[in-house]
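Below is one structure, written out as structure tokens; the observations come after it.
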Amino acid sequence: MSKGRIVKALSGFYYVRMDGELLRCRARGKFRKDGLSPLVGDQVEVKVLEDGTGMVWEIEPRRNAFARPAVANIDQMVIIASQAVPQTDPFLIDRICSIAELKHCDVLLVVNKCDLEPPGVLETIYEQVGIPVCCVSAATGEGIDQLADRLVDKLSAFTGNSGVGKSSILNAIDPRFSLSTGEVSEKLGRGRHTTRHVELFSLCCGGEVVDTPGFSSFDGEELNLEWKAALPETFREFRPYLNGCRFVGCSHTKEKGCAVLQAVKEGKIPASRHSSYLRLYEELKDLKEWQQPNGK
């Protein structure tokens, strides 16, 4: 048996990096019977076959796993945003931040196109709540070295709404990618999807990165009872106030004596963050056990 990491999954094949070489593998049938699928980012044991291909034999315990996109063992979620065209809705950022907190991932917010439009309110909001912000321009190279430093020795997942420059930033960090970047549609104010599958890349700066198709990939299957129960805790700036509410079981939406609402009123919690919390709360509040994907 040999050990490696799955770096790409495509058309039923898993491409495992072992000692700098890629081995094309199938997964043993046992995983299907157990309802378990190998994921990009998995550390695995591989049985090398006589024909030069391999079989994914065992999956080592995961730090975390995401259903859509299908990735595992993410250390850091890198959210690419923009204040230029297309302008990122803070709710999209907050949604991903909440999921990342649920999955025990660090978060790094990268505001691209700062040569066209300064980060402004985004930088103010997220630095206030303790989420690091890196301002860059893929076009001019501004901030790219600082961003690369934050990726060293981590497996990071890049995500962001279409057109904000995920692929352009990856190309600026490491030109070996030569990823297609697409053009932003001026008419629609958004970009065309250019990433076709989930793939893990080794960076010349010493980290690894997964490029994902966009914010929409984190919808649907991530709606679950675990997220519903933990939602207030996934907003990190809420945590100092959660035990200070007048009533047990406070939803932090409209109750009298809610310490979170008081903190919002006093400016200790950004209003936009609480607004995002309310939208997520409405999405999740009526979710029942039988509505869980795969019965989970």
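The values are calculated or read from the model by the stated rules, or taken from the named source; none is laboratory data. The shown structure was predicted, so the numbers you read here are calculated from the model rather than taken from an experiment. Glycine gets a Cβ as well: all are built from the backbone with ideal geometry, and neighbour counts include every protein chain shown. Note: areas computed on protein heavy atoms with side chains; ligands, DNA, RNA excluded. Shrake-Rupley method; radii C 1.70, N 1.55, O 1.52, S 1.80 Å.
Quick one: which strands (runs of 3 or more DSSP E) lie wholly within the range 90-165 and hold at least 2 residues that are under 24 Å from residue 41 (Cβ atoms)?
106-112, 155-159
If you scan the range 77-95, which residues turn out to be out of contact with any Phe, Trp or Tyr (no Cβ under 6 Å at 6 or more places or on another chain) and open to solvent by less than 10 Å² (accessible area, probe 1.4 Å)?
Those that are out of contact with any Phe, Trp or Tyr (no Cβ under 6 Å at 6 or more places or on another chain) and open to solvent by less than 10 Å² (accessible area, probe 1.4 Å): 77, 79, 80, 81, 82, 86, 88, 93, 94.
For the range 43-60, check the following and say yes or no: at least one residue is at positive phi and either crowded, with 17+ Cβ neighbours inside 10 Å or among the aromatic types (Phe, Trp, Tyr) (or both).
No, the conditions are met nowhere in the range 43-60.
Any residue in the range 75-101 that's aromatic (Phe, Trp, Tyr): show its pairings with residues that are open to solvent by less than 10 Å² (accessible area, probe 1.4 Å) and assigned to a helix (DSSP H, G or I) at Cβ separation under 9 Å, as long as the two are six or more apart or on different chains.
Matching pairs, first to second residue: 91/276; 91/280.
Just to be sure before I move on: is residue 123 under 21 Å from the mean Cα position of the chain (by Cα), modelled with pLDDT under 95 and open to solvent by 40 Å² or more (accessible area, probe 1.4 Å) in the structure I sent? Break it down stepwise before answering.
On the way: under 21 Å from the mean Cα position of the chain (by Cα): yes; modelled with pLDDT under 95: yes; open to solvent by 40 Å² or more (accessible area, probe 1.4 Å): yes.
So residue 123 fits the description; yes.
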